[in-house]
Amino acid sequence: MKKLISPLDLTTQEIDQILDLADHIIDNPKAFAHKCDGKILATLFFEPSTRTRLSFESAMLSLGGQVLGFSSADSCSASKGESVADTARMAEGYADIIAMRHPKEGAAAVAAANVDCPLVNAGDGGHLHPTQTLTDLLTIHRLHGRLNNLTVGFCGDLKFGRTVHSLIRAMMRYTGIKFILVSPQELQLPDYILDEMKANGADFQVAERLEEVIGEMDILYMTRVQKERFFNEEDYIRLRDSYILDPEKMALAKSDMIVMHPLPRVNEISVAVDKDPRAAYFRQAKFGRYARMALIMKMLEVD
């Protein structure tokens, strides 16, 4: 596996292998501390990131490798007009593997087509985010013990949420999955994702109020609803409280439901929920380090 642009670049068998390796790393991290000695990861981040960039860097350092790169387009030659392809080709001369984030959809695919070294899409615009998907799948696998026979709810901005799009595409390939899509009409899942779900025979329902469906969910994946996405401020004011997860809504949920969020959160999850044992979003962020450690090892073909 040389390139990872979309979650669909991985078969379910490959995903299971990565998750199994991540499990071993979590259980015995010291055994993996020198697996990437002498290897270098280039992090080409053309837009700001906290969790994704730091977890990639932490992953490589934890494997004994080294990291170089930049954290914004302003701090690299893109500010002088250098193309994505040329930046990637330059970085290939200095590193063994590249992780790239870019605000434009398809940028990672362009970069991957111009290099021979392994390249990972660390998020391209509102399009795809495959390593967040691996993080999400590892979280579900660790906390629920399975990736089949689950009811997964997505709540908030489903239109622009690349993490939502990627996870739905990945989980459609497992059996017994039901999706519940909770959003205002303005932020419903894009038609092309809905069309994919229909073509694959996915079981899903659409809802507008979280409290009406939260009791059915094994997993609740929260995202931000942003005021600027609405054409009408009155609609935003009318709906905004429906998408704030608080203890009152949590009281309607199953005792073993887990709450996930790709972070950063603003106000869509009350801080009072943080104390609930079902709140998994900070554990989810931590699992991102191990998912990326396993992926780096697989892509560099180190044992």
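The values are calculated or read from the model by the stated rules, or taken from the named source; none is laboratory data. All values derive from a computational prediction rather than experimental measurement. When we count neighbours, we look across all protein chains shown, and the Cβ atoms used for this are built from the backbone with ideal geometry, even at glycine. Only protein heavy atoms, including side chains, enter the accessible area calculation; ligands, DNA and RNA are left aside. Shrake-Rupley method; radii C 1.70, N 1.55, O 1.52, S 1.80 Å.
Here are the numbers for this structure:
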{"item": "Lys/Arg +1, Asp/Glu -1 at C-beta; segment 243-296 dipole; positive extreme among 270, 257, 245", "result": "257"}
{"item": "Value of [θ]222 nm, deg cm²/dmol, for the chain, DSSP H segments ≥ 4, -39500 (n - 2.57) each, nearest 500", "result": "-10500 deg cm²/dmol"}
{"item": "Heavy-atom accessible area per residue - segment 1-155, 1.4 Å, Å²", "result": "41"}
{"item": "Sites residue 23 and residue 248, calculated FRET efficiency, Cβ-Cβ separation with R0 25 Å, nearest 0.05", "result": "0.10"}
{"item": "Rg [Å, one decimal], Dmax [Å, integer] - segment 97-177, C-alpha atoms", "result": "14.2, 40"}
{"item": "23 Å Cα-Cα threshold exceeded, pairs from 178/286; 39/298; 3/30; 198/254", "result": "178/286; 3/30; 198/254"}
{"item": "Test item: Cα-centred dipole of the chain, Lys/Arg +1 and Asp/Glu -1 on Cβ, debye", "result": "560"}
{"item": "Lys/Arg +1, Asp/Glu -1 at C-beta; segment 105-160 dipole; positive extreme among 135, 152, 120", "result": "152"}
{"item": "Length-normalised contact order for the chain - Cα pairs under 8 Å, 6+ apart - percent", "result": "20"}
{"item": "Surface share of carbon and sulfur [accessible, 1.4 angstrom probe, percent] for the chain", "result": "47"}
{"item": "Two-decimal ratio, the chain, of alpha-carbon radius of gyration to 2.2 N^0.38 Å", "result": "1.00"}
{"item": "Share of pairwise Cα separations in segment 1-104, more than 24 Å, in percent", "result": "30"}
{"item": "Pairs of Cα atoms farther than 21 Å apart, segment 157-303, %", "result": "49"}
